[in-house]
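Supplied in structure tokens, the structure appears directly below.
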Amino acid sequence: FFSAWFGPIVIVHDTGIVQFWSVSSVSNVLPKESKRRMRPMILNFERKDTNHKPTGGTFTNNGKFASPLEPLENLSDSQTPPALHEPETAHHDRDHKNEPLSHDWLKFLPPLFTSCPDPTGKTLYISALVVGQGLYMSAIDLNGVCYTTTLNYTEVDRIRPMQQDFETFFKAMEKQFQERTFRVYRSGAKVMLILKDDICFSLLHNDDTATVMWNMVSDVLESFSLRTSDNSAEGVVQLREQLERLQNDINEEIARKKVLQSSITRSEEEERQNMQKYGSLQNEAVTLTQEWQQMCEAMGLDPADLDNPLPPPASGSYGRQPLATDTRELDISLLVLLKSKYSPANDESDRFRELESPKDRWLKVVRPLLSNEYKTQMKNLPEGKTQLVMKCMEKLDEWDFDVWTLQDMTEQGSIFYAAYAMFLRWDLFRRLEIDEQIAINFFSQVEAGYHPNAYHNSMHGADVMHIVHYILLKGQGKEKLQLKDHDVLAMLVAAMIHDFDHPGLNNNFHIKVQSYLSTLYNDRSVLENHHLAEVFDLMKTPRFNLFHCLKPEHALDARETMIEVVLATDMGLHAKVFGAWKRRLAQNHTLHKRKDDQRLALSMCIKMADISNCGRPLDMYLKWSTKLVEEFFAQGDNERARGDTVSPFMDRQQPHMGKGQVAFMNYVILPMFESIGEYLPEMMFAVDIALTNKAYWKQVE
Ligand SMILES: [Zn+2]
């Protein structure tokens, strides 16, 4: 065991031999020099402390041993220390007689040397020694950094608990240090040693002596192989910690096993009860069958004749009807005409060649005609559905495009055929290298995802998509906002899916009845969240993933745009979205530079499209509003049947459609159309149409 402090080093062998080196002016000499000048001296050490611990201990003064800082030559037998009980007397005297305390005896008190692993895992050696001027303390760690302090008598009195003599104090210090209740903190040049009763030593880093001290300490460590024992001590600590962890794991496993065991017992009990129930039900069934057969026999009937299944529900009555295959039934000749109208074949090769590169993906399903062939075919088109659809498509870029006819002439295919035509119109298949088969699958599923509601059916999806198409094209939206191809794609898809799987009952209804969807989306834009989530879920399947062709960053961008604009169609958020739009527009009209400005403008586009009915030609407007009222009344009936209050404007017993429409025009439609017209002047005409429609209601009322 050893103790190191400024100058001397003491080695205490387990045999009781003490080795003692003294070096004068250590800070002024080189390490080698210091070693040469060391003067080993062996003293016989009479071990008095029978509880001597192998990890360190108090160096008991044997009476022949003086303060190590005094020159060794001056040692003499005359320096006998006073009895150890003297400090107590002095202490006692001071308390009672109020006399100044004499510190002469201090230099005979035992020096302290001990070691412990500090919180950073390194072993720290500490020594304290009472010298002429007071208490001298030093600490050294395994990096060789040395910290020292000298406390004068006043400071010693301050840190020593008043009721303790120095021997008790030193013992307490040593004990705490070894038990690691003696905490060590480092910050820069300082080390703080804190005992648990808040006695604190602040030791300063001593640069001058650090190197010398460390060389001396490492010599000693090497010669006595103390490093090894340090390591094994660390190893023991680690093993003990590992053992504790394992013990904890075992306890946890035992607890878990108990829980599992009890749940198994419960399950077994339940199964037993279920089997009992099952048995008695089976018996009952046998009895009933026998009774039934007896009854039939008695009445002279054949039981097989009495099977009378319910008639199948009328088709299209309610709920969406998923497709049995990936795509709807395709009218290929119609698709050929549509493709030839917008992207006729350049030459014969477009019609027959093998498809190789991604550039050919747009030809996967439908091969176009040559331009002149198309013209001839169109001229000779017989009267019928195909002719009507093609006539309808003539107005694809016009405000009075008629989705009603399209829906009727294409077996409920308004979204499918309008989307196909618009993608060709924007040349998206070729520009984005979209796989035509995937697009056809996707359009088919989107259309099939709409319920046959009075209003929120696939026609409404096609209608909103058409108005968005119009605003971007004729309204100059694409140009003004400097949209990229994938932005246009995102907007057309957002519009076509914006009411996907709409159940014909609005957000308020879902919240009121606490439907599953309202719980899933926490009453926030319940349906809008649902439309989006359903479609993005569909797109996770590769054969429906319309964004397969986009770069990952564009796909993410398109998704974000879709989410932003479809959530904005929640009329519950109208004041918020419209307010943001008005404030932004009041600043300036440069909305193309920032993504969020762009998306705000696009949100307004889809919002306008969603409620554009009021700005459409009167006959269309009336058709749409009648359908909307029909759906509202259906919800009102539902509410009444549930015993709930019927929502305003949804009570067929109190119809006042006109009043509602005029208010809606005044507070929502006109301000919104006007401000969009302010940004896109080409759209201003819609305000005039809305005013005409409003006048119609005033007249009717
Ligand atoms: Zn809608």
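For a quick check of your reading: which helices (runs of 4 or more DSSP H) sit entirely within region 313-405 and have at least 2 residues that are within 30 Å of residue 475 (Cβ to Cβ)?
Because the criterion is at least 2 residues that are within 30 Å of residue 475 (Cβ to Cβ), the helices (runs of 4 or more DSSP H) in region 313-405 that meet it are 332-342, 371-379, 385-393.
Okay, next question. Quick one: residue 438 ticks every box in (1) under 13 Å from residue 609 (Cβ atoms); (2) open to solvent by 10 Å² or more (accessible area, probe 1.4 Å); (3) in contact with a His (Cβ under 7 Å, 6 or more places away or on another chain) bar one, so which box is it?
Residue 438 satisfies every listed condition except (1).
Check residue 497 against each of (1) within 16 Å of the ligand (Cβ to nearest atom); (2) closer than 21 Å to residue 676 by Cα and name the one condition it does not meet.
Condition not satisfied by residue 497: (2).
Restricting to region 569-605, name every residue that is within 21 Å of residue 663 (Cα to Cα) and not acidic (Asp, Glu).
Scanning region 569-605 gives 569, 571, 572, 573, 574, 575, 576, 577, 578, 579, 582, 604.
Filter region 555-593 down to the residues that are of a type in the set (Val, Ile, Thr) and more than 25 Å from residue 529 (Cα to Cα) and list them by number.
590 - this is the single residue of region 555-593 that is of a type in the set (Val, Ile, Thr) and more than 25 Å from residue 529 (Cα to Cα).
Any chance region 373-384 includes a residue that's open to solvent by less than 10 Å² (accessible area, probe 1.4 Å) and either within 16 Å of the ligand (Cβ to nearest atom) or over 45 Å from the mean Cα position of the chain (by Cα) (or both)?
No, because not a single residue in region 373-384 is open to solvent by less than 10 Å² (accessible area, probe 1.4 Å) and either within 16 Å of the ligand (Cβ to nearest atom) or over 45 Å from the mean Cα position of the chain (by Cα) (or both).
Every residue, every condition in (1) touching a Phe, Trp or Tyr at 6+ places or on another chain (Cβ under 8 Å); (2) more than 29 Å from residue 328 (Cβ to Cβ); (3) within 16 Å of the ligand (Cβ to nearest atom); (4) open to solvent by less than 10 Å² (accessible area, probe 1.4 Å), yes or no:
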residue	(1), (2), (3), (4)
565	no, no, yes, yes
574	no, yes, yes, no
578	no, yes, no, no
597	no, yes, no, no
621	no, yes, yes, yes
627	yes, no, yes, no
636	no, yes, no, yes
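Something else now. Filter region 406-429 down to the residues that are of a type in the set (D, E, K, R), outside any loop (DSSP other than H, G, I, E, B) and at pLDDT 95 or above and list them by number.
425
From the list 464, 535, 446, pick out the single residue that is within 15 Å of the ligand (Cβ to nearest atom), more than 28 Å from residue 616 (Cα to Cα) and in a helix (DSSP H, G or I).
535
Assigned to a helix (DSSP H, G or I) and touching a Phe, Trp or Tyr at 6+ places or on another chain (Cβ under 6 Å): does that describe residue 658?
yes
Now a separate question. What is the one condition in (1) open to solvent by less than 10 Å² (accessible area, probe 1.4 Å); (2) away from the ligand (no atom under 16 Å from the Cβ) that residue 471 does not satisfy?
Just one mismatch for residue 471, condition (2).
When region 500-532 is examined, which residues are found to be acidic (Asp, Glu) and either without any contact (Cβ under 8 Å) to a residue 12 or more places away in the chain or within 16 Å of the ligand (Cβ to nearest atom) (or both)?
Within region 500-532, 501, 528 qualify.
Yes/no per residue for (1) touching a Pro at 6+ places or on another chain (Cβ under 9 Å); (2) in a loop (DSSP other than H, G, I, E, B); (3) charged (D, E, K, R):
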position: 529; (1), (2), (3): no, no, no
position: 548; (1), (2), (3): yes, no, no
position: 553; (1), (2), (3): no, no, yes
position: 557; (1), (2), (3): no, no, yes
position: 566; (1), (2), (3): no, no, no
position: 569; (1), (2), (3): no, yes, no
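The values are calculated or read from the model by the stated rules, or taken from the named source; none is laboratory data. Since we're looking at a predicted model, the values are computed, not measured. Note that each Cβ is placed from the backbone with ideal geometry, even for glycine, and that neighbours are counted across all protein chains shown. Keep in mind that these areas ignore ligands, DNA and RNA; they rest on the heavy atoms of the full protein, side chains included. Shrake-Rupley method; radii C 1.70, N 1.55, O 1.52, S 1.80 Å.
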